[in-house]
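Inspection log for the structure reproduced underneath, given as structure tokens.
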Amino acid sequence: MVRAAQRNPSANSVSDRIAGKSLTLAALLVAALILWVVVDVLWQGAGRLSWEFVTTAPSDVGRAGGIAPMLVATMLILAVCLAAATPMAIATAIWLAEFAAAGRALRLSLDVLAGMPSIVFGLFGYVFFVHMLGLGFSILAGGLTLACMVLPVVTRACEESLRALPDGYRLGCAALGVSRAATLWRLQLPAAMPGLAVGIVLGIGRALAETAALLYTSGYVDRMPTSFSDSGRALSIHIFDMSMNVPGGDRGAYGTALVLLVMLIGINAVVFAISTWWSETRLEQA
Amino acid sequence: MTSWLASISPPSRRDRWLQWCLRATAWVVGGILLFLLLFLLREAWPVLRDVGLMPLFDDPSWHPTEGRYNLLPMLAGTLYAAVGALLIAAPLGWACAAYAVYFAPRRLAAWLQKLIALAAGIPSVVYGLWGLVVLVPLIAAYQPPGASLIAAVLVLAVMILPTIILLTESALRSVPRELLHGAAALGLGQWGSLRRVVVPAARSGLLAAMVLAAARALGETMAVLMVAGNVVQFPATVWDPIRTLSANIALEMAYAMDHHRAALFASGLVLALLVIALMLMAACLHSPCPARESRRGRWA
Amino acid sequence: MNHYEQLVPLHAQSRPVVMDADSGRRDYIVTRALSMHYGERQVLRDISLQVAAGRITALIGPSGVGKSSLLACVNRLTDMLPGAHVNGELRVGGVDASHAATDVIALRRRVGMIFQKPNPFPLSIWNNLAFPLREHGVRAKSQLTEAITTALQEVGLWGEVKDRLHAAALSLSGGQQQRLCMARALALQPEALLMDEPCSALDPIAVGVVEELIARLRGRYTMLIVTHNLAQARRLADDVALLWPRDGAGELVEQGPAAHLFDSPRAAVTAAYLRSERI
Ligand SMILES: Nc1ncnc2c1ncn2[C@@H]1O[C@H](COP(=O)(O)OP(=O)(O)O)[C@@H](O)[C@H]1O
Ligand SMILES: [Mg+2]
């Protein structure tokens, strides 16, 4: 390794030292920038945070009160998104990993889709889900738009985790006359579960973080949603609206940003715990 | 006397079913991209049909309600912001990735990794908030109005840094160890092996990281919308406000009608095509899928 | 059409016709003019192999000649290998098995396979056997218990694992894992076993145990065993078949009773191969 070369004093040691110093400096700068953003959110958000903040409705266009309706709307949008995206992503991942020997076109189309700007998904969702399917500005339309957006990410992560399994599972099961359906359901999916969870968490992260794709699909309304066909304001949209359109809304925006960050981190932890548990029990009872 | 095993229907029928369902789903998922582009084109069609393609680029200005549809200033804003962000983030990101992979003490590298993973998950609207509340006033203190091209560039740069670093790290990690051992044996120092061995070996991965980050910067809406000032103009200096294509869509979609609306879809289409070009480039840079190779003969 | 009807009844007391090896030779596995490609590349050419019922046939040949590939043809595992395609005729237990419409699930249940590297599933010992049994319709707890106990006893693993049936199979030693894999195959009451260098990943003591087990199963199953080890072939095999590469593809140069083939090989390459191996 390069690391080993460190001990040989040589003619290179001067350039090594300069390079080492400047790379360290760059890394420090990057870490400082990231910490700046994170600490800024923590610092300014912490003052706003309280139990009341997450359990009450906003008042005075968000300057006072809490974010309960946005939390609920965000969760509902996320639920729609996952309900639509997860099965499709896993099915496509199985297809790619187990059945499609080449699948080049499909992979390429997924990669391109993964890079599409979210505002483009927003336009698509606005035309297709909101108008064409007649869902209107609704949690359903927003969730489905997000589902299209996270599909490629989740699919590719799931595909990787299925591919990483030993071939002995497939071939061993086949040699025992176990159907592929049973092999997948009893053995491969449980064994790949931690990897699938990574994919799903990636998707959740994307979905929770998304704003632009929701502007014209799930809408702005900050009332508590009562059904999936209600319009609902996601947390990210609330941050945007508070900071841009409400004078003096910064504090509320920071509080919301902090809640969003905590949710992102918390959901990661929970999903990993669940997936570990699931894969263990599943393999136990195969 | 029956066998234990004789009483089931052939499971192969179940497999055919499964395969059929999977294939159908895969087709649907693969069709989304095509579907999306078709819809953009369909909605953009009125303006392309009645006004034509060229006015989108050589009308005197962007006054869509008065029938003037010049997208160029916003296209320029988009490109300036993305390229500027890349110029800052790419060297910084490469250096940080190289440090994390080759120079950092193990514990520190692990911490850096966590921090960068955290940063990669921060919503763009939060970066925008930080830019709006922290960065823009700083810039305004130096050179008003503050909301400007430079603000957009800086926020985008911070935002795409984690992407660049994560992708670059994985490219660096994929350089075979034997190459490094060889370089060390030749007496190349750390810097020497990095420059002469690692970078050439990982070049396509490094470029792909940049292309993907560029795509992300080009398409970003919220962070830019919040800090760029959103004035439709060719910026004369970096302190001038700009408006990007994506911000324009987010700003005007709410009230756009008829040809104005179609022009917004046309600008979405332009954005989509730009990103497709970049993604195809990234796909070409990547060597053929290694996972597929390793499947061969593993069972024998 | 339900291929299970063509199966010999498989209950333990009614071990099938394939047993009476001395009442005249019956071939359980027969290939005729079988050839195989991976993509464009031919790996097997014109293989006409007969595997006698109830006997142990050793398949020998240099590595890379296509022995594993030939085994995969017999239980149609080739269907699972990307790019693999097979031409020619294959009959297993008197049934044509070379059709696209062949019920491969039924075929694979009749023909068990043991891999070179032990491949227990990441399940408990019990579930390693119970999972395939359940998939083949054995649901009742009592039947499962009986089948699993019998299979583990058959491979001599019962005494070693009966107190920890719910421990992870991957916690067993290599030799135990391989015997577990054999038990897993035997629990389905197959008629034949295909074994791909079943001892090559094991330590010498485990090799002894597994070889003993194979010898003990002689007469009860038709066995086709790939081996690199000529001494092992001598110890175990009733019949021997030699694959040899020509123009990059394996051909069957000689097959026959082990005694004949080892003592008076007909083909020149066989003699040379046996000689070179002895040195
Ligand atoms: N899945 C596969 N795809 C392509 N080629 C393969 C595959 N498996 C084996 N081969 C090739 O086919 C030839 C025969 O392999 P194999 O049957 O494993 O030989 P043996 O078992 O006699 O060592 C080898 O040259 C090997 O490289
Ligand atoms: Mg082999």
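The values are calculated or read from the model by the stated rules, or taken from the named source; none is laboratory data. The shown structure was predicted, so the numbers you read here are calculated from the model rather than taken from an experiment. Cβ: placed from backbone, ideal geometry, glycine included. Neighbour counts: every protein chain shown. Calculation scope for accessible area: heavy atoms of the full protein, side chains included, ligands and nucleic acids excluded. Shrake-Rupley method; radii C 1.70, N 1.55, O 1.52, S 1.80 Å.
Quote the Stokes-Einstein diffusion coefficient, in whole µm² s⁻¹, for chain C, based on the Kirkwood radius over alpha carbon pairs, a temperature of 25 °C and a viscosity of 0.890 mPa s.
Working: Rh = 19.3 Å.
Diffusion coefficient, whole number: 127 µm²/s.
Chains A and B: buried accessible surface, both sides, probe 1.4 Å, rounded to 100 Å²?
On the way: alone 15750 and 18270 Å², together 26070 Å².
About 7900 Å² of accessible surface is lost on pairing.
Which value does Rg/Rh take for the protein assembly as shown over its C-alpha atoms, Rh per Kirkwood? Could you put the intermediate results ahead of the total?
Details: Rg = 32.7 Å, Rh = 30.9 Å.
Rounded to two decimals, Rg/Rh equals 1.06.
Please give the direction-averaged projected area of the C-alpha convex hull for chain B, in square nanometres with one decimal. Let's see the in-between values first.
Details: hull surface 102.0 nm².
Orientation-averaged projected area of the Cα hull: 25.5 nm².
Hey, got the average number of other protein chain Cβ atoms within 10 angstrom for residues in B:33-44?
Working: counts 11, 2, 3, 11, 4, 1, 7, 4, 0, 1, 5, 1.
Per residue, the average neighbour count from other chains is 4.
Ignore the peptide's own chain and count Cβ atoms of other chains within 10 Å of each Cβ in C:110-122; give me the average, rounded. Don't skip to the answer; put the middle values down first.
Details: counts 2, 2, 3, 5, 2, 7, 2, 4, 2, 9, 2, 13, 10.
Mean partner-chain Cβ count within 10 Å for C:110-122: 5.
Using Cα atoms only, what is the angle between the long axis of helix C:141-154 and the major principal axis of chain C, expressed in degrees (0 to 90) to the nearest 10?
It works out to around 50 degrees.
In square nanometres and to one decimal, what's the mean projected area of the convex hull around the Cα atoms of chain A?
Values: hull surface 85.9 nm².
Seen from a random direction, the Cα hull of chain A projects 21.5 nm² on average.
Please sort B:179-186, B:47-54 by packing, taking for each peptide the average over its residues of neighbouring beta carbons within 10 angstrom, highest first.
Numbers: B:179-186: 16.0, B:47-54: 13.6.
With the highest mean Cβ count within 10 Å placed first, the list reads B:179-186, B:47-54.
Remind me, relative contact order of the stretch C:148-271 in percent, using alpha carbon pairs under 8 angstrom and six or more residues apart? Write out the running numbers ahead of the final one.
Numbers: 121 pairs, mean separation 22.0, N = 124.
Contact order relative to length: 18 percent.
Take every Cα-Cα pair in the stretch C:17-112 and report what % of them are more than 23 Å apart.
Working: 1053 of 4560 pairs.
Considering the stretch C:17-112, 23 percent of its Cα-Cα pairs are separated by more than 23 Å.
Given the DSSP H assignment, sum -39500 (n - 2.57) over each helix run of at least 4 residues in chain A and divide by its residue total; what's the result at 222 nm in deg cm²/dmol, nearest 500? If you can, show how the numbers build up before the last one.
Values: 12 runs with 195 residues, N = 286.
Calculated mean residue ellipticity at 222 nm is -22500 deg cm²/dmol.
Would you calculate a helix-derived [θ] at 222 nm for chain B, using -39,500 (n - 2.57) for each DSSP H run of n ≥ 4 and dividing by the full residue count, to the nearest 500? Provide the component values of the computation, followed by the final result.
Numbers: 14 runs with 202 residues, N = 300.
It comes out at -22000 deg cm²/dmol, rounded to the nearest 500.
With all protein chains present and a 1.4 Å probe, how do B:Val197, A:Val120 order by accessible area, largest first?
Reading off the accessible areas and sorting them downward yields B:Val197, A:Val120.
Let me have the relative contact order for the stretch A:160-286, percent, based on Cα pairs under 8 Å that are six or more residues apart. All intermediate terms of the calculation are to be shown ahead of the outcome.
Details: 104 pairs, mean separation 36.8, N = 127.
Dividing the mean separation by the residue count of the stretch A:160-286 yields 29 percent.
Would you mind listing how long the stretch B:27-184 runs along its three principal axes, going by Cα atoms, in whole Å with the largest first?
65, 53, 28
With all protein chains present, calculate the accessible area of B:Ile122 using a 1.4 Å probe and round the result to the nearest 10 Å².
10 Å²
For the pair A:Val271 and C:Lys162, how long in nm is the line joining their label points, each one 7 Å along Cα→Cβ?
So the label points at A:Val271 and C:Lys162 sit 4.8 nm apart.
Sticking with the crude label model, points 7 Å out along Cα→Cβ, report the distance from A:Leu25 to B:Ala140 in nm, one decimal please.
3.3 nm
Need the full-extension length gain, C:Gln42 to C:Gln143, defined as separation in residues times 0.36 nm minus the C-alpha distance. One decimal, nm. All intermediate terms of the calculation are to be shown ahead of the outcome.
Working: separation 101, 0.36 × 101 = 36.36 nm, distance 4.50 nm.
In short, 31.9 nm is gained.
Averaged over its residues, how many other protein chain Cβ atoms are within 10 Å of peptide B:106-118's Cβ atoms? Before the final figure, lay out each step's value.
On the way: counts 1, 0, 3, 1, 0, 1, 5, 0, 0, 5, 4, 1, 7.
For this peptide, the per-residue mean of nearby foreign Cβ atoms is 2.
For the stretch C:94-232, give the percent of accessible area contributed by carbon and sulfur heavy atoms, probe 1.4 Å, rounded to a whole number. Before the final figure, lay out the partial values.
Values: 2540 of 4560 Å².
For the stretch C:94-232, the apolar C and S fraction of the accessible surface comes to 56 percent.
Evaluate Rg over Rh across the stretch C:57-187, taking Cα atoms for both radii and Kirkwood's formula for Rh. Numbers along the way, then the final one.
Numbers: Rg = 16.4 Å, Rh = 16.3 Å.
My calculation puts Rg/Rh at 1.01.
Throw me the Rg/Rh for the stretch A:145-286, computed over C-alpha atoms with Kirkwood Rh, two decimals.
Working: Rg = 20.1 Å, Rh = 17.7 Å.
That ratio equals 1.14.
Extension gain C:Asp79-C:Arg32, at 0.36 nm per residue separation less the Cα-Cα distance, in nm? Can you show the working numbers first?
Working: separation 47, 0.36 × 47 = 16.92 nm, distance 1.87 nm.
Taking C:Asp79 through C:Arg32 to full extension adds about 15.1 nm, to one decimal.
Considering only C-alpha atoms, what is the centroid distance from the stretch B:167-212 to the stretch B:112-148, in Å?
Spelled out, the Cα-based centre of one part sits 32 Å from the other.
Cα axis of helix C:174-186 to longest principal axis of chain C: angle in degrees, 0 to 90, nearest 10?
Once rounded, one gets 80 degrees.
Just to confirm the number: angle between the C-alpha axis of helix C:268-278 and the first principal axis of chain C, 0 to 90 degrees, nearest 10?
Computed tilt is about 60 degrees.
Helix by helix through chain A, keep the DSSP H runs that span 24 Å or more along the axis on Cα and average at least 1.0 on Kyte-Doolittle, and give those back in order. It would help to have the intermediate numbers written out before the result.
Working: long enough: A:13-46 (47 Å, 1.38); A:68-94 (38 Å, 2.08); A:139-163 (34 Å, 1.11); A:189-209 (29 Å, 1.63); A:250-284 (51 Å, 0.86).
Membrane-span-like by this criterion, though nothing is claimed about a membrane: A:13-46, A:68-94, A:139-163, A:189-209.
Checking an interface number: how much accessible area is buried between C and A, summed over both chains, with a 1.4 Å probe, in Å² rounded to 100?
On the way: alone 12850 and 15750 Å², together 26640 Å².
Using a 1.4 Å probe, the pair buries roughly 1900 Å².
On average, how much area does the Cα convex hull of the stretch C:107-247 cover when viewed from any direction, in nm²?
On the way: hull surface 37.6 nm².
Answer in nm², one decimal: 9.4.
Keeping all protein chains in position, work out how much accessible area A:Thr86 exposes to a 1.4 Å probe, and write it in Å² to the nearest 10.
Near enough 30 Å² of accessible area.
Please report how far the C-alpha centroid of the stretch C:46-111 lies from that of the stretch A:35-55, rounded to the nearest whole angstrom.
66 Å
Taking the solvent-accessible surface of protein heavy atoms with a 1.4 Å probe, what is the per residue accessible area of the stretch B:73-288 in Å²?
Heavy-atom SASA per residue in the stretch B:73-288 reads 38 Å².
Under the definition of Cα pairs under 8 Å and six or more residues apart, what whole-number percent is the relative contact order of the stretch C:27-104?
38 percent
Ranked from the most accessible area to the least, with a 1.4 Å probe and all protein chains present, what is the order of C:Arg110, C:Arg32? Intermediate values should be presented prior to the final figure.
Values: C:Arg110 15, C:Arg32 125 Å².
Sorted descending by solvent-accessible area, the residues read C:Arg32, C:Arg110.
Can you show me the helix-derived [θ] at 222 nm for chain C, built from DSSP H runs with n ≥ 4 at -39,500 (n - 2.57) apiece and divided by the number of residues, rounded to the nearest 500.
Numbers: 10 runs with 95 residues, N = 279.
Using -39500 (n - 2.57) per qualifying helix, the result is -10000 deg cm²/dmol.
Just to verify a number: FRET efficiency for C:Ala267 and C:Ser173, C-beta to C-beta distance, R0 = 56 Å, to 0.05? Intermediate values should be presented prior to the final figure.
Numbers: r = 40 Å, r/R0 = 0.71.
That pair, C:Ala267 with C:Ser173, gives E of 0.90.
Using the Cα centre as the reference, give the magnitude of the dipole from point charges on the C-beta atoms of the protein assembly as shown (Lys, Arg: +1; Asp, Glu: -1; all else neutral), rounded to the nearest 20 debye. Please list the in-between numbers first.
Numbers: 70 positive and 57 negative charges, 340 e Å.
That gives a dipole near 1640 debye.
When all protein chains stay in place, what accessible area (Å², nearest 10, 1.4 Å probe) is found for B:Leu112?
Only protein atoms counted, so the area is about 20 Å².
Hey, if we sort C:Glu212, B:Glu43, C:Glu40, A:Glu159 by accessible area with the 1.4 Å probe, largest down, what's the order? Can you show the working numbers first?
On the way: C:Glu212 125, B:Glu43 25, C:Glu40 175, A:Glu159 0 Å².
Descending order: C:Glu40, C:Glu212, B:Glu43, A:Glu159.
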